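Everything on this sheet refers to the single structure shown next.
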Amino acid sequence: AARLLQDAGTDLVNVSDSAMARVRMGAMAVAFGIQHDLDLECLVHFTTRDRNLMALESELLGAHALGVRNILALTGDPPRIGDYPAATGVWDVDSIGLVEILSRLNRGEDAAGTPVGAAAGFIIACALDPTAADAATEWDRLERKIEAGAHLIMTQPLYDVAQVEAMDREARRRFGPRGFPLPVLLGVLPLQTTRHAEFLHNEVPGITIPDATRAAMRAAGERGAEVGLELTLDLLEQVDHLAAGTYVMPSFGRYEQAAELVRRLRSRHPIDA
């Protein structure tokens, strides 16, 4: 999958960390393997759900030594929604605390203030769900992530211009007329079918698909995957001035659709894609 995306023109690939609390291969090991075998840069989703404070720092130091330097700091989905509902979440810190840990490592010290030998060089990403039900808390937490030292923002999937423009208005209200103080990667997850759209909208935390988009997928019929691509491309064309780049999420292993999206973006914007 990584090779397919690389050939399509992807700049880097994301590696999730047992998303939806479903056990998958360790994200750090996957990222190292991809970077080692393909020379393709990775960004690792790293949650505080499964590791205590010592384990967080230990794994981050090991990843840095192996060249894995891009980290998306996440709290992580609770075990109760996944395959092991009786498992215990750790959460010594949340995503804000993880950003602080990464920032301190970049200053050459651990969470206790002990020198670690040299300053690390992590790129620290943080998440934003612009359609969160509790919008005030979500944006308050974003401000704290920025204050803690985040370098860039990655959004949950968005599906229409109104969602993106509402996000931009809130950023301007919070941070001033220039909007976000950090680069933003706009999250997109191309839809496959009307069933896929309804599942994401109703069952997956952090994803809100507008009525018009779901109606378009219902009308698409057997052309669902193509219409999903067209909707995503149209959105990115209209809001490209509001984001520094895009973060493409393949659904259920549909890497070919994600690769096709990247190819089409490259063909439209061969220089600055």
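Quick look at the numbers
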read-out: Angle in degrees between helix 224-239 and the longest Cα principal axis of the chain, rounded to the nearest 10; value: 70 degrees
read-out: Peptides 114-127, 4-17 ordered by average Cβ neighbours within 10 Å, highest first; value: 4-17, 114-127
read-out: Sulfur and carbon atoms: percent of accessible area, the chain [1.4 Å]; value: 52 percent
read-out: 5 angstrom amide H check on Thr246, placed H, neighbours 5+ away; value: Leu186
read-out: Mean separation of Cα contacts under 8 Å, 6 or more apart, over the residue count of the chain: relative contact order %; value: 15 percent
read-out: Met154 long-range amide H proximity, modeled H, under 5 Å; value: Cys126, Ala127, Leu128, Leu185
read-out: Environment charge of Ala29, counting only residues whose C-beta is closer than 13 Å and scoring Lys/Arg +1, Asp/Glu -1; value: -2
read-out: Helical contribution to [θ] at 222 nm, DSSP H n ≥ 4, -39,500 (n - 2.57), averaged over the chain, rounded to 500; value: -14000 deg cm²/dmol
read-out: The chain: most fluctuating residue of Asp92, Asp129, Asp140 per GNM, C-alpha cutoff 10 Å; value: Asp140
read-out: C-alpha long axis of helix 135-148 to longest principal axis of the chain, angle in °; value: 40 degrees
read-out: The stretch 177-273 - accessible surface per residue (Å², probe 1.4 Å); value: 53 Å²
read-out: Estimated dipole of the stretch 168-208 in Debye, rounded to 20 [Cβ of Lys and Arg +1, of Asp and Glu -1, Cα centre]; value: 320 debye
read-out: For the stretch 116-134 versus the stretch 205-271, the gap between their alpha-carbon centres in whole angstrom; value: 24 Å
read-out: Cβ-based net charge around Pro177, under 14 Å, with every Lys or Arg adding one and every Asp or Glu removing one; value: +3
read-out: Relative contact order for the stretch 140-273, counting Cα pairs under 8 Å that sit 6 or more residues apart, in percent; value: 28 percent
read-out: Between helix 27-38 and the chain: long-axis angle, C-alpha atoms, 0 to 90°, nearest 10; value: 70 degrees
read-out: Inter-probe distance in nm under a simple model that places probes 7 Å from Cα toward Cβ, at Arg178 and Ser58; value: 4.2 nm
read-out: Calculated from backbone phi, Karplus (6.51, -1.76, 1.60) coupling profile of the stretch 185-192 in Hz, x at Gly/Pro; value: 9, 7, x, 9, 9, x, 7, 9
read-out: Candidates Arg174, Arg141, Arg104, ranked by Gaussian network fluctuation over the chain, Cα under 10 Å, top entry; value: Arg174
read-out: Per residue accessible area in Å² of the stretch 1-134, where ligands, DNA and RNA are left out and the probe is 1.4 Å; value: 48 Å²
read-out: Separation in nanometres of the label points that stand 7 Å from Cα toward Cβ, at Phe252 and Gln238; value: 2.7 nm
read-out: Length-normalised contact order for the stretch 97-160 - Cα pairs under 8 Å, 6+ apart - percent; value: 34 percent
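The values are calculated or read from the model by the stated rules, or taken from the named source; none is laboratory data. Small disclaimer: the values here were computed from a predicted structure and weren't measured. Because the Cβ atoms are built from the backbone with ideal geometry, glycine has one as well, and the counts that use them run over all protein chains shown. Surface areas here come from the heavy atoms of the whole protein model, side chains and all, with no ligands, DNA or RNA. Shrake-Rupley method; radii C 1.70, N 1.55, O 1.52, S 1.80 Å.
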